[in-house]
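The values are calculated or read from the model by the stated rules, or taken from the named source; none is laboratory data. Every value quoted in this text rests on a predicted model; they were computed, and no experiment measured them. Cβ: placed from backbone, ideal geometry, glycine included. Neighbour counts: every protein chain shown. Each accessible area value is taken on the protein alone, full model and side chains, heavy atoms only, with ligands, DNA and RNA left out. Shrake-Rupley method; radii C 1.70, N 1.55, O 1.52, S 1.80 Å.
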Amino acid sequence: MTSDSRAPQPRHPGRQPPPVATRTTAPGPAPTDLLGRLRARHDTDPVTHIERVPARTGEPVPWPTWVPADLHTAFARQGVDTPWRHQAEAASLAYTGTHVVVATGTASGKSLAYQLPALATLLADPRATVLYLAPTKALAVDQLRAVTDLDLDGIRPACYDGDTPRAEREWIRQHARFVLTNPDMLHHGILPGHAQWTPFLRRLAYVVVDECHIYRGVFGSHVAHVLRRLRRRCTRIGRTPVFVLASATSGDPAATAERLTGLPVAAVTGDTSPRGGVTFALWEPPTQPAPAAAPDDTDLAPVRRSALRETADLLADAVAAGVRTLAFVRSRRGAEAVAANARRALDEAVPGLGDQVAAYRAGYLREERRELERSLLRGELRGLASTNALELGVDLVGLDAVLICGYPGTRASLWQQAGRAGRSGQEALAVLVARDDPLDSYLVHHPEAVFGAPVEATVLDPTNPYVLGPQLACAAAEAPLTPADLDLFGDGAKEAVDALVEAGALRQRPTGWYWRHRERPQVDLRGGDGAPICVVETATGRLLGTVDGGSSHFLLHPGAVYLHQGVSHVVDALDLADGCALVHPEEPDWSTHARDVTSLSVVAVRSYLDAGPVGLFLGEVDVTSQVVSYQRRRIATGEVIDTRPLDLPARELRTVAVWFTLSPESLAAAGIDPADVPGALHAAEHAAIGLLPLTATCDRWDIGGLSTAAHPDTGAPTVFVYDGHSGGAGFAERAYGTAATWLQATRDAVAECSCETGCPSCVQSPKCGNGNNPLSKPDAVRVLDVVLANLPVLTTSGPDHLRS
Ligand SMILES: [Zn+2]
Ligand SMILES: [Zn+2]
């Protein structure tokens, strides 16, 4: 086992048994017995691998000498007698002025690492202040309660977010000393209104960035600049706060934290909290006969039992065995389907037993969700189906079993989810149920890629000009930019400022660059491309929310099923001129999946590798895509009902791509008939997109691809994989840097798939614009073999700035 696997931890750091031990139910069967029971439901063994994650004893250390007695007492009241070594180490680094990131497992007590220096400083200096940032409001509320419960004099903690009543805001700015907020509020509220915040910022001792692994891709790149804007403001009023970051276990957390803050950051990564042992099984649902597909759509018929159904059955079996089980499902609809199916199965066995299973419904209030968690911990509820770990409270750990329906995209999130299972002194079970796609299938047959590999680094790219430009505009609107600021904002800042001057947004004067407009720039941190589209209820005219322009054609086309706060709507019309979509509430039993057609041209090559008949490139490209149709699919089975045409305009995207070329001769020498080259490249492209999340922390929906037997810009057979966001999000760069590893895994996934001509587990793609045609599975392996035979292995470590 690598040190990245984390499992059970006590609810709070410290030596006392966690409060969850007070459960009222008898313990369920041992994990291996439970696993045996679950396996017995199929004729063929669905388990492809079992990994034992050993138990670990904790390493308590004395309180650092600088921690005041008041704090010992306060934490002792919470059941924390002494800290674990990693907590004390990170806290002491921060207390002595070193920027630090603590990157350890689920419930390893990361909060103590920032609470100790922050609270000790607030107690010692009655004027000092602390700013805490969480990626969601709910997390900030949880943290507020944790700090409030310590019951310390004079700290006056308070949440400051979009929900904070106007009347309270002024009081918070003037009196609160521990302000909890989120990057969006910092960006939209605190920094633009910095004059009112000056007294608070002038005394700012610490900036806490919690759950910082969430700041990835375009969102992460924006947050990186919001933090630079905060640092700039502090510098101007003579303040240099210490940054304390907390992250889930991730690869190279120091480098990521440095990219995020622009500061040198020390990392504390050794988890010294105790955990119980976990039996971790990889599970591949058995195949089943393909359901009849609609006549015009024979592709994408599922060959394996759906992971949702399989997870529901496992959840029902575990609950029937008296085991407290948490099932992670990727979508809200999926989570509700799993809970409903498990309830039905249990009620069929014993009427009323279904009541022991619930779904974590969006739209439930936070308090209702926490009550569900408490019921599960007390054993009144035995099964819960939920979406991601972030929505769950930090207290929800120590479960007997965790089911993970579909690979969550990264090993980091996999361990976060599995980390909810087990607690000190007790064994637990974790099961990863594979979905029918290339990455999941690859992983359940390559346990070394799950258990033997380090967790991924969090990828973000603050140099993205599409992020940097708007962020510099925001900074200039807050206070004129100076040459010194350009260093702060990093590579590309000068070019971005020049572009803003040319566009008439900034005016250059001897004293710096000035924002020319009356109103502030409108910038969405969550990475919207184009103006957001308003989603409006047809009957009432009520605004439900907004969708960024880049996704609107996919999510809001006429006929699309659109979920808002867990409530299903169907789109009546998309009015692009008015920037709005009209919807009505309706809950059909199908989901919709838009398809697009794409063309691509190369704008500039940033970096390349000439490997004889093979070339590997990284560069800027223009992608033109048009959403042309959508499929309707049954939610429970994935069965395609039909495909309907759409009439939407084409869209342009300037982004970053990685691509490889092969000479036609090398393809012929590998035995690929010229007529089969398009199918070979297309199949390789699909599989490569499916496997990219293995090395980059992206979702396959963050990236796009294009393959062609002869591209005008490369003059050769080419496969492109590009970032789906303007200016790129760092994923293509990451792919370029890890090409050998990435493409080897792609090759193996295709070669080892047991299907004959290609299936969703290898070369078929759920988002293909060409209906998965043509595709040649055996030739895709030949293409990838040619590439791998020529690519030097040296590319595995990545470009310099990624490696750092
Ligand atoms: Zn296959
Ligand atoms: Zn395709």
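Protection proxy ranking, highest mean first, for peptides 65-72, 747-754, 448-455: 747-754, 448-455, 65-72, where packing is the per-residue count of other beta-carbon atoms within 10 Å, averaged. Taking max minus min of the alpha-carbon positions on each principal axis, the chain gives extents of 76, 76, 59 Å, largest first. Each of the peptides 267-278, 125-136 was scored by the mean count of other Cβ atoms within 10 Å over its residues; in descending order, highest first, they stand as 267-278, 125-136.
Atom-type composition of the exposed protein surface of the chain places 52 percent of the accessible area on carbon and sulfur (1.4 angstrom probe).
Under the simplified labelling scheme, the D498-D713 pair shows an inter-label distance of 2.2 nm, with each label point 7 Å from Cα along Cα→Cβ.
With a sphere of radius 10 Å drawn around the Cβ of V268, what net charge do the other residues whose Cβ falls strictly inside it have (Lys, Arg +1; Asp, Glu -1)? If you can, show how the numbers build up before the last one.
Details: positive: R85, K110; negative: E89, D271.
Residues close to V268 contribute a combined charge of 0.
Can you list the residues, at least 5 places off or on another chain, whose amide H is less than 5 Å from the amide H of L563, using H built in the peptide plane? Residues meeting the criterion, in which the H sits 1.01 Å from N, are H569. Putting +1 on Lys and Arg Cβ atoms and -1 on Asp and Glu Cβ atoms, find which of G638, F660, P693 reaches farthest to the positive end of the dipole of segment 613-764. Of G638, F660, P693, it is G638. Among 205-211, 395-401, 236-242, the peptide with the highest mean count of other Cβ atoms within 10 Å heads the list, and the full ranking is 395-401, 205-211, 236-242. Remind me, relative contact order of segment 594-664 in percent, using alpha carbon pairs under 8 angstrom and six or more residues apart? Computed over segment 594-664, the figure is 35 percent. Just so you know, the averaged projected area of the alpha carbon convex hull for segment 585-706 sits at 10.8 nm².
Rolling a 1.4 Å sphere over the protein heavy atoms, what is the accessible area per residue of the chain, to the nearest Å²?
So the chain comes to 38 Å² accessible per residue, rounded to a whole number.
Taking a Cβ cut-off of under 9 Å around D142, the surrounding Lys, Arg, Asp and Glu residues balance to a net charge of +2, with basic ones at +1 and acidic ones at -1.
Taking amide H as placed 1.01 Å from N in the peptide plane, T546 has its amide H under 5 Å from the amide H of V535, each at least 5 places away in sequence or on another chain. Across segment 158-169, rounded Karplus estimates of 3J(HN,Hα) from the backbone phi angles (6.51 cos²θ - 1.76 cosθ + 1.60, θ = phi - 60°) give 7, 7, 10, 9, x, 8, 5, x, 3, 4, 8, 4 Hz, Gly and Pro being marked x. Helix content alone sets the calculated 222 nm mean residue ellipticity of the chain: runs of n ≥ 4 DSSP H residues at -39500 (n - 2.57) each, divided across all residues, give -10000 deg cm²/dmol.
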